[in-house]
Amino acid sequence: MIRLIGAHSLARIEGLGQLALFTTRALGAVHRGRGLGERLVRSIHSLGVRCLSVISIVGLFTGLVLGLQGFHVLGRFGSESLLGTLVSLTLIRELAPVLAALMIVGQAGSALAAELGIQRNSEQIDALEIMGVDALAYLVTPRLLAAIVVFPILTMLFSVVGLVGGYVSSSAFLGLDGGVYWAAVNSSVQGGDLFEAAIKALVFGLTTVAICAYQGYHAHSHAGEKGARAVSAATTRAVVQASVAVLAADYAVTSFLV
């Protein structure tokens with residue numbers, strides 16, 4: 001049993017090392033990418049524009065639920081005027097970065113892993129390497145750079161839509177004065193809160209996109225999985241590992257910044 005646990009632990013550590021090397025090489029290949037600008041724009045569209053609707057919907061309902069629950073909880077202590085503080089800080093510092101990252105992983109990250117897995121399965125990546133094209137620079141680097149741009153923007157969009165949802169829930173449905181709500185939001189949100197949200201968004205973006213790209217890029221390397229089955233398994237691993245990584249990174253970043 002000890003030998004089995006040790007072998008499993010070493011395999012996990014080796015996998016983390018390979019992921020770190022994969023990410024470092026992809027980021028270091030920026031200067032070798034030909035036509036990087038066009039591929040970067042396509043990657044931003046794939047990661048960002050296509051996720052606008054799901055980010056807006058989830059952000060709205062998150063704000064609605066926060067406003068509803070917060071109003072009744074604060075009402076027990078006669079502190080309904082602090083609802084704007086509760087909703088804004090909860091959204092900006094915690095829920096918006098985490099939920100936005102999970103939504104992007106579910107929609108765009110899974111598609112990225114499947115796309116790279118199909119390209120590996122159909123030997124398109126091998127063809128690029130045979131032609132002397134740096135496959136990492138061509139396929140992965142634009143996605144990582146797009147994550148740096150997209151994740152902070154979508155996180156802020158999630159926060160804004162969530163704040164509106166909290167206002168609608170508390171003011172329009174529960175009768176709290178709207179001026180009191182927005183005054184509490186304005187007085188409670190500081191630059192440090194926005195900075196923490198931006199840092200989390202950057203960390204989550206690089207981590208999740210790197211994991212999804214790595215799993216798709218190496219979909220062929222798992223024994224016993226070939227063809228479409230390998231692509232399906234790589235996509236599943238990408239979504240699960242990226243989601244867990246978001247929660248683990250959230251704790252690590254929060255512990256460092258608090």
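The values are calculated or read from the model by the stated rules, or taken from the named source; none is laboratory data. Keep in mind the model is a prediction, meaning the values are calculated, not measured. With ideal geometry, Cβ positions are generated from the backbone for all residues, glycine too; neighbour counts draw on all protein chains shown. Side chains included, ligands, DNA and RNA excluded: accessible areas come from the protein's heavy atoms. Shrake-Rupley method; radii C 1.70, N 1.55, O 1.52, S 1.80 Å.
For the chain, give the magnitude of the charge dipole about the Cα centre (Cβ charges: +1 Lys/Arg, -1 Asp/Glu; no others), in debye to the nearest 20. Can you show the working numbers first?
On the way: 16 positive and 14 negative charges, 98 e Å.
Computed charge dipole of the chain: roughly 480 debye.
Calculated mean residue ellipticity at 222 nm for the chain: -25500 deg cm²/dmol, from DSSP H runs with n ≥ 4 weighted as -39500 (n - 2.57), summed, divided by the residue count and rounded to 500.
Determine the sum of side-chain charges near Leu144: Lys and Arg each +1, Asp and Glu each -1, restricted to other residues whose C-beta is under 13 angstrom from that of Leu144.
Summing Lys/Arg as +1 and Asp/Glu as -1 gives +3.
Between Val54 and Arg229, the simple label model (points 7 Å from Cα in the Cβ direction) yields a spacing of 2.7 nm. GNM on the chain, alpha-carbon springs under 10 angstrom: the most fluctuating residue among Ser187, Ser43, Ser56 is Ser187. Across the chain, C-alpha contacts under 8 Å between residues 6 or more apart give a mean separation that, scaled by the residue count, equals a relative contact order of 32 percent. Ignoring ligands, DNA and RNA, please state the percent of accessible area on segment 59-217 from carbon and sulfur, probe 1.4 Å. Carbon-and-sulfur percentage of accessible area, whole number: 67. Once the Cα-Cα distance is subtracted from the 0.36 nm per residue extended length, the Ile199 to Glu94 segment shows a gain of 36.6 nm. Between Ser159, Val189, Ala108, the Cα set farthest toward the positive side of the dipole of segment 91-193 (charges on each charged residue's Cβ, about the Cα centre) is that of Val189. Helices in the chain that qualify as membrane-span-like (whole DSSP H runs, Cα extent of at least 18 Å along the helix axis, mean Kyte-Doolittle hydropathy of 0.0 or higher) are 2-28, 52-75, 141-167, 191-217, 227-257.
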